[in-house]
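Below is one structure, written out as structure tokens, with a few remarks after it.
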Amino acid sequence: MSTPDLLLVRPEGSFGDYARGDDCACGVAGDRCAEPGRVDSKRKLRTARMQIPHMAARDAVALALSEDAAAHDVTTRWSVAPRQWATAVIVTRQPGLAAGVPLTAEVYARIGGETQIDESVPDGTRLEAGDVLARISGPAHQIITGERTVLNFLQRLCGIATLTDRYVTAVRDLPVHVLDTRKTAPGLRLLDKYAVTAGGGSNHRLDLAAMVLLKENHIAAAGGVTTAIDSVRKNMASEGRAMAIEVEVATIAQVREALQAQPSWIMLDNMTVPQLAEAVRLRRELVPDSDIRLEASGTITLGDLRAVAETGVDAISVGSLTHSAPAMDLSMLLSIA
């Protein structure tokens, strides 16, 4: 049974998720479904154009407004006249990339639906301090009630896109993919990963069902790298499934063992630059005609990134893109109409 190529989300589209390996190109339905992938020049990494995750956005906005008790904003209700009309702009105070701007309309649609939204910039737009992301007009009380929720989403997503752009730009001339991880905010997985693509990055697996990724504890429980991969292949076949297998290794000896087992991907965890270069050399020497991809992982900083990329790995996963991206400094400025 053949193993499908790994599906990577790229910035050519808006959003999608990782290949699940069954049903369709991405294995999911609805607005989380990817278009059929196309083959990238680097070791046949399939990329796809995606759609913004509308259902995830609706769910996230509904939860955010609920936890903020937006329907019971006593301060605004008691201080702002119900028919007072206003306009507002969302402005960035620093350079960066736009991401999540369409959530502005989603927030205000749920608050009352009387506001008009002009999304001034599309996601992925490069911003300078003072640029306007969106213009809002409507009842002042609705604009004010939704202010914090809108800014929370935009500050986070723009921050992720901006940090991702810094990583991608640092290795733009090299044949390597910058990947995110599952280290996302609970409940915001799809939106966080969408912001990564807005910044030019690629998505690693969406969730635990997206692919097989044998980590250190799986390997320990299974009894070794080869045993773990063999077990997965046996049980996958018994279920009539086919999907990508990735295995995490931490030593050169494990690299050799993994190359013999020939998974789709090998994750090189917390290796030094010389070790990464050796892993690339071993792939070239031991399995020169294979499509095995090598992914560097493990607290790779912006300062380390280029040296890691120059070893010849196919991808570099960076957890900090989503778990440590600084929020963009944004503000909403209101004027009475």
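The values are calculated or read from the model by the stated rules, or taken from the named source; none is laboratory data. Please read these numbers as outputs of a predicted model, since none were measured by experiment. Note that each Cβ is placed from the backbone with ideal geometry, even for glycine, and that neighbours are counted across all protein chains shown. Each accessible area value is taken on the protein alone, full model and side chains, heavy atoms only, with ligands, DNA and RNA left out. Shrake-Rupley method; radii C 1.70, N 1.55, O 1.52, S 1.80 Å.
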Every residue in the range 223-236 that is part of a helix (DSSP H, G or I) and either open to solvent by less than 60 Å² (accessible area, probe 1.4 Å) or touching a helix residue (DSSP H, G or I) at 6+ places or on another chain (Cβ under 7 Å) (or both), please.
Val225, Thr226, Ala228, Ile229, Ser231, Val232, Met236
Give the range 237-259 a look and list any residue that's among the small types (Gly, Ala, Ser), open to solvent by 40 Å² or more (accessible area, probe 1.4 Å), in contact (Cβ under 8 Å) with a residue 12 or more places away in the chain and in a helix (DSSP H, G or I), or say none.
Ala237
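Can you tell me which residue among Val212, Val232, Val247, Val178 is touching a Phe, Trp or Tyr at 6+ places or on another chain (Cβ under 9 Å), at pLDDT 95 or above and farther than 18 Å from Ala99 by Cα?
Working: Val212 fails: touching a Phe, Trp or Tyr at 6+ places or on another chain (Cβ under 9 Å); Val232 fails: touching a Phe, Trp or Tyr at 6+ places or on another chain (Cβ under 9 Å); Val178 fails: farther than 18 Å from Ala99 by Cα.
The conditions single out Val247.
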Where the second residue is loosely packed, with under 14 Cβ neighbours inside 10 Å and not β-branched (Val, Ile, Thr) and the first is more than 16 Å from Thr251 (Cβ to Cβ) and lies in the range 286-300, which pairs have Cβ atoms under 6 Å and are six or more apart or on separate chains?
Asp291/Lys44
Residue among Ala258, Ala253 that is aliphatic (A, V, I, L, M) and touching a strand residue (DSSP E or B) at 6+ places or on another chain (Cβ under 7 Å):
Ala258
Could you please find all residues in the range 178-220 being more than 21 Å from Leu127 (Cβ to Cβ) and among the β-branched types (Val, Ile, Thr)?
Thr181, Thr184, Val212, Ile219
Does Gln262 satisfy being more than 22 Å from Val178 (Cβ to Cβ) and open to solvent by 60 Å² or more (accessible area, probe 1.4 Å)?
yes
Flagged in the range 81-95 as touching a helix residue (DSSP H, G or I) at 6+ places or on another chain (Cβ under 6 Å) and surrounded by fewer than 19 Cβ atoms within 10 Å (Cβ to Cβ), in numbering order, are Gln84
Sort out which residues of the range 54-91 are farther than 14 Å from Ala109 by Cα, in a helix (DSSP H, G or I), charged (D, E, K, R) and in contact (Cβ under 8 Å) with a residue 24 or more places away in the chain, and write them in order of number.
Arg77
